[in-house]
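J.: Following this message is one structure expressed as C-alpha cells.
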Amino acid sequence: MAQESGTRPFGLRDKLGYFFGDFGNDFTFILSTVILRKFYTDVMGISAGAVGAIMMIARFVDAFTDVTMGRICDASPTVPGVGKFKPWLRRMCIPVAVASFLMYQSALAGFSYGVKVAYLFVTYILWSSVFYTAVNIPYGSMASSISAEPGDRQSLSTFRSMGAMLASTVIGVVLPLVAYQKVDGTEVLIGPRVTAVAGVFSVLAVVCYLLCYALTTERVTHEAQERARVTAGQMIHNALHNRALISMIAASVVMLLSQLTMQNMAGYVYPEYYNNAAAQSASTLLMMGGMIIAALTAKPLSERFGKAEISVWANLFAAAVSILTYVLRPASVWVYVALQTLNWLGLGVFSMVTWALVTDVIDYAEIKNGVREDGSVYALYSFARKLGQAVSAGLTGALLSLIGYVPGAGGGQTPQVLSGIFAISTLVPAVGFLLLAGVLWFWYPLHKRQVEENVALLRKKHADDARQKESES
C-alpha cells in the first residue's frame, strides 16, 4: 500500500463524493426495503411469505456473487488517473438502476400468479445479487483507497451514512404522499404510482453514482499482484479465524434486523394500524433530525470513548425506547412518531460509525494475515448486510403471515392482526438492538485501545515497507 504523490489533499470534495455514492445506493436499496414487499402483496397479489422466501434465496446467491466481486476488485489493476475501484461505479450505475426499475412493473399485475413470482425472482436476483453487488462492493472498498488516515475514514463513514439518511428521507417522505390514495376512507397503494416513483429514483441513482465518480480521488494504491496470490480458500480461512470480522458480520445482521424491520413495518403501521400514511412522511423528516444529531456527535464521542463503546450505549437506549413503545401502545400516531424518532437517534450513532468500524476490521485483517484484502473483507461484510436484509424480510413476511395479515385488505384487517402489526414493529427491533449491544461489547475485539494500537503498528509497518522498497530501487 502506498500514498500517491501529486494528488490533491483529502478534503470536503471527497466527503461529498462519498456521500453521493450511498445516496445513489439507497435510491434502490432503501426503496426495496420500504415498499417492495407491500407492492408485491397488495398490488401484484403475491403472499408475503413468498416474497420473503425469494429474498432469502437471493442471499444464497449473494454468498457467491459478493465474494466473487470482492476477489475481482482485489485482483484488478489500478486504472491510471482513476483508481482501482472507481471504474466500477461508471460501468454498473445504469444496469443497477434499470434492474431496480424493472422490479416495480404494475402493468404485470394481471398476469398469472406463477408468472409474477418468476418475474420477481429474476428481476430481484438481477438487481440485488448481480448489479447492486457489482457497484456496491467497489464503492465500499474504495474508502481505504481515498485515505489511509483513521480520522478521514471516520469522516467518510459519517458522510456515507448521511447520504443513506438523505435517500431514506426522500423516499420516506415522497413515497407515502405519492403512492397512496384514500379509497372509501382507507389508504390504498396505487401500483402505477409506485412504478413511476421507481423510475424517477433510478434516474437519480445514476446521477448520484456519477457525482461520486467525479468528486472522489483514490490516492492510496494497492498492488493487485500481491492480492491475486491469495486463494479463495485462504481468504475463507482468514475470515473464519478473524474474530473482528465474524463479530462485525453478526453485528450487521442484527442491526439490519432492527433497522429494516422498522422501515418495512412503517408501510403497515402508519396506513393500516393508524390509518395515516401522511404521518409516515412526517416521521421520516423527524428521523432525519435524529440522524443529524447522531452525525454531529458521533465523531467527537468516538474519539473520546471509542466507536464500539458509544454504539453499545446507543443501542441499549434504542432497545429501551422500543420496549416502552410496545408497553405504552400510544393511541396517538404522533406519540408513536416521537418515540420512533428516539429510536432512530439511537440507531443513528451506530450507523455513523459502522463504515469506520469496517476499515478497522480491514486493518486488523492486514495485521493478522500480512496482506491487504479490502475488496474481499468488504465483500464478506456486504454479504452479511444482505443476509441481514433477507433475515428481516423473511422474518417480517413470516410474522405477517402468522398473525393472519390479508394482502390488499386495507381497512379490512381484524383488530388481532392490527395488534400483531404493532407488536412486530416494536418488539423485533428491540430484540435486534439488545443483540447488537451484546455483540459489540462481549464479542467484537476492536475497542478504542486496540484500534489505536493497530493504527500505530500499521503506520510503522507501512513506513518500513516504503523504506525497504526505496532501498531496493
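The values are calculated or read from the model by the stated rules, or taken from the named source; none is laboratory data. No experiment lies behind these values; they were computed from the predicted model shown. Cβ atoms come from the backbone with ideal geometry, glycine included; neighbour counts cover every protein chain shown. Protein only, heavy atoms only, side chains kept; ligands, DNA and RNA dropped before computing areas. Shrake-Rupley method; radii C 1.70, N 1.55, O 1.52, S 1.80 Å.
J.: Can you name every residue in the stretch 295-313 that is among the aliphatic types (A, V, I, L, M) and touching a residue at least 60 places away in the same chain (Cβ under 8 Å)?
T.: Ala295, Ala298, Ala308, Val312
J.: When you go through (1) part of a helix (DSSP H, G or I); (2) open to solvent by 20 Å² or more (accessible area, probe 1.4 Å); (3) over 16 Å from Gly432 (Cα atoms) one by one for Phe317, which number turns out not to apply?
T.: Answer for Phe317: the failing condition is (3).
J.: Right, next: Kindly check whether there is at least one residue in the stretch 54-77 that is part of a loop (DSSP other than H, G, I, E, B) and open to solvent by less than 40 Å² (accessible area, probe 1.4 Å).
T.: Yes, because at least one residue in the stretch 54-77 is part of a loop (DSSP other than H, G, I, E, B) and open to solvent by less than 40 Å² (accessible area, probe 1.4 Å).
J.: Could you say which residue among Gly21, Gly52, Gly45 is touching a residue at least 60 places away in the same chain (Cβ under 8 Å) and at positive phi?
T.: Exactly one residue qualifies, and that residue is Gly45.
J.: Related question: Kindly indicate whether any position in the stretch 286-300 is open to solvent by less than 60 Å² (accessible area, probe 1.4 Å), closer than 27 Å to Ala398 by Cβ and not aromatic (Phe, Trp, Tyr).
T.: yes
J.: Could you please give the count of residues in the stretch 13-41 that are over 17 Å from Tyr209 (Cα atoms) and of a type in the set (A, V, I, L, M)?
T.: Total satisfying the criteria: 3.
J.: If the requirement is being more than 30 Å from Val188 (Cβ to Cβ), within 29 Å of the chain's Cα centre (by Cα) and assigned to a helix (DSSP H, G or I), which of these qualifies: Leu434, Leu427, Leu457?
T.: Among Leu434, Leu427, Leu457, only Leu434 is more than 30 Å from Val188 (Cβ to Cβ), within 29 Å of the chain's Cα centre (by Cα) and assigned to a helix (DSSP H, G or I).
J.: Could you tell me whether the stretch 34-46 includes any residue that is assigned to a helix (DSSP H, G or I) and within 30 Å of Arg219 (Cα to Cα)?
T.: Checking the stretch 34-46: not a single residue is assigned to a helix (DSSP H, G or I) and within 30 Å of Arg219 (Cα to Cα).
J.: Then there's this: Does the stretch 379-398 contain at least one residue that is polar (S, T, N, Q) and open to solvent by 20 Å² or more (accessible area, probe 1.4 Å)?
T.: no
J.: Give me the pairs: first residue in the stretch 443-464 and on the phi < 0 side of the Ramachandran plot and charged (D, E, K, R), second residue modelled with pLDDT of 80 or more and open to solvent by 60 Å² or more (accessible area, probe 1.4 Å), beta-carbon distance under 7 Å, and six or more apart or on different chains, which are they?
T.: Lys448/Phe305
J.: Could we say that Leu120 is assigned to a helix (DSSP H, G or I), open to solvent by less than 40 Å² (accessible area, probe 1.4 Å) and under 30 Å from Leu189 (Cβ atoms) here?
T.: For Leu120, the condition - assigned to a helix (DSSP H, G or I), open to solvent by less than 40 Å² (accessible area, probe 1.4 Å) and under 30 Å from Leu189 (Cβ atoms) - is met.
J.: Looking at the stretch 78-117, which of the residues that are surrounded by fewer than 22 Cβ atoms within 10 Å (Cβ to Cβ) and among the hydroxyl-bearing types (Ser, Thr, Tyr) is nearest to Leu211 (Cα to Cα)?
T.: Restricting to residues being surrounded by fewer than 22 Cβ atoms within 10 Å (Cβ to Cβ) and among the hydroxyl-bearing types (Ser, Thr, Tyr), the top hit is Thr78.
J.: What is the residue count in the stretch 344-378 for residues that are on the phi > 0 side of the Ramachandran plot and buried (at least 23 other Cβ atoms within 10 Å of the Cβ)?
T.: 0
J.: While we're on this one: Could you tell me which numbered condition Phe159 fails, if it satisfies all but one of (1) open to solvent by 50 Å² or more (accessible area, probe 1.4 Å); (2) more than 16 Å from the chain's Cα centre (by Cα)?
T.: (2)
J.: Moving on. Looking only at the stretch 437-454, which residues are part of a helix (DSSP H, G or I) and of a type in the set (A, V, I, L, M)?
T.: Listed by number, the residues that qualify are Ala437, Val439, Leu440, Val451.
J.: Also: Have a look at Ala338, Ala308 and point out the one that is assigned to a helix (DSSP H, G or I), at pLDDT 85 or above and under 19 Å from the mean Cα position of the chain (by Cα).
T.: None of the others qualify; the one that does is Ala308.
J.: Between a first residue in the stretch 319-343 that is among the polar types (S, T, N, Q) and a second residue that is open to solvent by 80 Å² or more (accessible area, probe 1.4 Å) and assigned to a helix (DSSP H, G or I), which pairs have beta carbons less than 8 Å apart while being 6 or more apart in sequence or on different chains?
T.: Qualifying pairs under 8 Å: Gln340/Leu286; Thr341/Leu286.
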